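J.: Can you keep this structure in mind? I'll have questions shortly.
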Amino acid sequence: MIVHSQRIQHAIRFMVRTHEGYQKQKRKGKDVPYLTHPLTVALILSRVHAIEDVIIAGILHDTIEDSIDEKKVSREMIESRFGTAVADLVESVTEQDKTLPWEERKEEALQHIATFSHDSMLLKSADVIANNAELLEDYAKEGEKTFERFNAPKEKSIPYTCRVIDALLVVWPENPLGEDLQAISAALQKVLST
């Protein structure tokens, strides 16, 4: 069985150009290259034996949403390089209108989960786990200061994330990342109560 994949290698190069090469993007409020996040998402997906298209979508999942205007990544670019299935997955977890207020954008994204395929739910689950495991680690080191770098205070962001987790688990109770999602939700609720 061949494990190495030129498609995955190509996706990593594409993602690195988008997040690092063109904009030196960092994780919010930290001197950590942004590319650590999509690679973490891809590793989580590979741990549950996701198919190659889902792993590639994990690598590319923020390229449309977080590319700069001068080098804007489009759904069509992803489709031409990686196929329709990957483009559909990336588009499914991409916020469609970043100009909307935070609450509206997040509510729209939450409602969209009900339409997800299992592959989209797996991708979204890995993203939620990666983002919030990092947030919880930062919170353990920095406390309340952690939330200063986000667009919403913890009193809004944590309940929203818990609603996303609940939606993912309701729509797909057999989600192979379900236990991880439940653990993240419980840890976030503990942070909210402090």
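The values are calculated or read from the model by the stated rules, or taken from the named source; none is laboratory data. Since we're looking at a predicted model, the values are computed, not measured. Reconstructed Cβ throughout: ideal geometry from the backbone, glycine too, with neighbour counts over all protein chains shown. Surface accessibility is based on the protein's heavy atoms, side chains included, excluding ligands, DNA and RNA. Shrake-Rupley method; radii C 1.70, N 1.55, O 1.52, S 1.80 Å.
J.: Just the residues that are open to solvent by 40 Å² or more (accessible area, probe 1.4 Å) and in a helix (DSSP H, G or I), please, taken from the range 54-72.
T.: Matches in the range 54-72: ASP69, GLU70, LYS71.
J.: Is there a residue being over 29 Å from HIS49 (Cβ atoms) and open to solvent by less than 20 Å² (accessible area, probe 1.4 Å) anywhere in the range 179-192?
T.: Within the range 179-192, one or more residues are over 29 Å from HIS49 (Cβ atoms) and open to solvent by less than 20 Å² (accessible area, probe 1.4 Å).
J.: I'm trying to understand the selection: among the residues of the range 128-143, which are farther than 14 Å from LEU39 by Cβ, buried (at least 16 other Cβ atoms within 10 Å of the Cβ) and not β-branched (Val, Ile, Thr)?
T.: Those that are farther than 14 Å from LEU39 by Cβ, buried (at least 16 other Cβ atoms within 10 Å of the Cβ) and not β-branched (Val, Ile, Thr): ASN132, LEU135, LEU136, ASP138, TYR139.
J.: Can you tell me how many residues in the range 144-166 are buried (at least 19 other Cβ atoms within 10 Å of the Cβ) and either within 15 Å of LYS30 (Cα to Cα) or small (Gly, Ala, Ser) (or both)?
T.: Total satisfying the criteria: 3.
J.: Still on this structure, I have one more. Between a residue in the range 29-56 that is under 15 Å from HIS118 (Cα atoms) and any residue that is in a helix (DSSP H, G or I) and among the basic types (Lys, Arg), which pairs come within a Cβ distance under 9 Å, given they are 6 or more apart or on different chains?
T.: Listed pairs, sorted by first residue: GLU52/ARG7; ASP53/ARG7.
J.: Condition (residue is open to solvent by 30 Å² or more (accessible area, probe 1.4 Å), more than 24 Å from LEU181 (Cα to Cα), without any contact (Cβ under 8 Å) to a residue 40 or more places away in the chain and part of a helix (DSSP H, G or I)) applied to the range 103-112: is it met by at least one residue?
T.: No, that holds for no residue.
J.: Further question: Restricting to the range 113-127, and then to whatever is of a type in the set (Gly, Ala, Ser) and open to solvent by 20 Å² or more (accessible area, probe 1.4 Å), can you tell me which residue is farthest from ALA186 (Cα to Cα)?
T.: Once the filter is applied, the top-ranked residue is SER117.
J.: Check ARG47, ARG75, ARG81, ARG7 and return the single one that is modelled with pLDDT of 95 or more, touching an Asp or Glu at 6+ places or on another chain (Cβ under 6 Å) and open to solvent by 40 Å² or more (accessible area, probe 1.4 Å).
T.: Going through ARG47, ARG75, ARG81, ARG7 in turn, just one is modelled with pLDDT of 95 or more, touching an Asp or Glu at 6+ places or on another chain (Cβ under 6 Å) and open to solvent by 40 Å² or more (accessible area, probe 1.4 Å): ARG75.
Yes/no per residue for (1) closer than 21 Å to SER120 by Cα; (2) of a type in the set (Phe, Trp, Tyr); (3) in contact with a Pro (Cβ under 9 Å, 6 or more places away or on another chain):
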site: LYS28; (1), (2), (3): no, no, no
site: VAL32; (1), (2), (3): no, no, no
site: LEU43; (1), (2), (3): yes, no, no
site: HIS49; (1), (2), (3): yes, no, yes
site: LEU60; (1), (2), (3): yes, no, yes
site: GLU65; (1), (2), (3): yes, no, no
site: ILE78; (1), (2), (3): yes, no, no
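J.: Here's a follow-up. Find all pairs meeting these conditions: Cβ atoms under 8 angstrom apart; at least six residues apart or on different chains; first residue within the range 66-77 and among the aliphatic types (A, V, I, L, M); second residue open to solvent by less than 50 Å² (accessible area, probe 1.4 Å) and assigned to a helix (DSSP H, G or I).
T.: Within 8 Å, the pairs are VAL73/THR18.
J.: OK, next. Is there any pair linking a residue in the range 78-92 that is touching a residue at least 40 places away in the same chain (Cβ under 8 Å) to one that is among the aromatic types (Phe, Trp, Tyr) and in a helix (DSSP H, G or I), with Cβ under 7 Å and at least six apart or on different chains, and which?
T.: Final answer for the pair search is ARG81/PHE14.
J.: Just one of the numbered conditions (1) in contact (Cβ under 8 Å) with a residue 60 or more places away in the chain; (2) open to solvent by 30 Å² or more (accessible area, probe 1.4 Å); (3) of a type outside the set (Lys, Arg) is not true of GLN23; which one?
T.: (1)
J.: Additional query: Can you tell which of GLU91, GLU65, GLU134 is at pLDDT 95 or above and farther than 26 Å from LEU192 by Cα?
T.: Details: GLU65 fails: at pLDDT 95 or above; GLU134 fails: farther than 26 Å from LEU192 by Cα.
Criteria check complete, one pass: GLU91.
J.: Part of a helix (DSSP H, G or I) and in contact with a His (Cβ under 6 Å, 6 or more places away or on another chain) - does that describe any residue in the range 76-92?
T.: So far as the range 76-92 goes, yes, one or more of its residues are part of a helix (DSSP H, G or I) and in contact with a His (Cβ under 6 Å, 6 or more places away or on another chain).
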